[in-house]
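The values are calculated or read from the model by the stated rules, or taken from the named source; none is laboratory data. None of these values were measured; they are calculated from a predicted model. Backbone-built Cβ (ideal geometry, glycine too); neighbour counts: all protein chains shown.
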Amino acid sequence: MLDWTMLTLVGLLSIIFAAWVLIQVFLKGSALRAYDQPIRNSRAGSRDHASPEHQKVLHLLEQAQKEIRAVPRKQWLTTVRAVMARGFCEPPLLAEDSGYRVQEVDAGGVPGEWVLAPDADLQRRLLYLHGGSFISGCPHGHRVITTQLARVTGAAVLVLDYRLMPEHSRRELIADCQTGYRWILDHGPEGPAPVRELFVAGDSAGGGLVLTLIAWARDAGLRAAHGAIAISPSVDTTFSSPTLKSNLKTDLMLGPGLERFIKVPRSIRLLILWVVNRMIPPNPLISPIFGDLSGLPPILVQASEAEMMLGDAQRYVNKACASSSKAELETWPEMLHVWHLFEPILPEAQQAFERIGQFVERCAAH
């Protein structure tokens, strides 16, 4: 009886030890604390606080969150997708007689749309990957952003409608982005034609996809983009950044939805993320910060100083620079996560787009 009890105890301890090793060695990834230092002169502009228009934006966000909270659990995802597809603001550049137009396209088997300014340079192209936590978002709901990118860059903007989770796997939506990258190299709005200048951009989850994509393109031996723009990107699926907790209360976009998850013990969070994504959290395919960041095209990252993803942005830019890639971070105080969605209202969003346009011109000149 004693021997059987001892064997059971040893077995349990072995399982616990194996689980601990699994979490520590495979699921946590390498330490990133060395890249936590703030980046000097990262603030864009001279404001110390948000503009007065920010209050109107907070009201719009509160209305959307109330709509989502009001539905039963079974309707939650459908409602989130409907809110994201509708968008928070109407894109003013698509007003009648503006000259801006949207053109549906099949990008090598991935649906999407071209967003074109009246004077678009069809050989300068920008591939855009929308945000939405990989479970929502679509080209229509991001037209405020994509029309502004068409304006400030002069590029033909291709917005992919990549597959979403949970109906599809994380690998499938990444594959859609890779397909779109290959396709845009040789196709423009008027048909097959080589690209002269290529840029890639995305927000939130899409920002993380962009940073994954440029590393994949390097490793695949494909033509590199002239530059990459990541807006409030998610780059670390291990959720290790200190601002995930320190900015939890000030991030009014992500905080309410992530608060419970962030309070779950980290070991359990990592196991959940492993199961959901079917890849270990530090895999560079879903956590680009754990990959090789050398030899990448110039990168511009924009983030709010109040958002939970600020630490991700700082860490990524610091590591990219330490790896001899050109990367810069621009921040704004008190903004919402991806405040660019509110461009018709926010002067900070208008300024952010102008900075993106300047970045593109600098990259194109080299």
Residues (surrounded by 24 or more Cβ atoms within 10 Å (Cβ to Cβ) and of a type in the set (D, E)) located in segment 197-219: D203
Six or more apart or on different chains, Cβ atoms under 9 Å: show the pairs whose first residue is in segment 293-306 and assigned to a loop (DSSP other than H, G, I, E, B) and whose second is among the acidic types (D, E). P298/E328; E305/E334; A306/D251; A306/E334
Conditions (1) farther than 30 Å from K56 by Cα; (2) surrounded by 15 or more Cβ atoms within 10 Å (Cβ to Cβ); number of the one not met by A230: (1)
If I ask for residues that are in a helix (DSSP H, G or I), hydrophobic (A, V, I, L, M, F, W, C) and in contact with a Ser or Thr (Cβ under 8 Å, 6 or more places away or on another chain), which ones from segment 178-225 would you list? A205
Hey, among V105, V83, which residue is under 18 Å from D161 (Cα atoms) and in contact with a Pro (Cβ under 8 Å, 6 or more places away or on another chain)? V105
For segment 233-285, what are the residues that are among the small types (G, A, S) and surrounded by fewer than 20 Cβ atoms within 10 Å (Cβ to Cβ)? S246, G255, G257, S267
Extreme residue, modelled with the lowest pLDDT, among residues of segment 30-48 that are over 24 Å from the mean Cα position of the chain (by Cα) and loosely packed, with under 14 Cβ neighbours inside 10 Å: S46
Given the conditions (1) surrounded by 14 or more Cβ atoms within 10 Å (Cβ to Cβ); (2) within 20 Å of S133 (Cβ to Cβ); (3) modelled with pLDDT under 95, every one holds for R73 apart from (1)
Residues that are in contact with a helix residue (DSSP H, G or I) (Cβ under 6 Å, 6 or more places away or on another chain) and touching a residue at least 60 places away in the same chain (Cβ under 8 Å), drawn from segment 46-68: S51, V57
Wholly within segment 84-142, which strands (runs of 3 or more DSSP E) include no fewer than the required count, namely at least 1 residues that are under 15 Å from D203 (Cβ atoms) and touching a His at 6+ places or on another chain (Cβ under 8 Å)? 121-129
(1) part of a helix (DSSP H, G or I); (2) within 24 Å of S133 (Cβ to Cβ); (3) acidic (D, E): which one isn't true of E354, the others all being true? (2)
If I filter segment 50-80 down to residues being in a helix (DSSP H, G or I) and in contact with a Leu (Cβ under 8 Å, 6 or more places away or on another chain), which single residue comes out as farthest from L346 (Cα to Cα)? L61
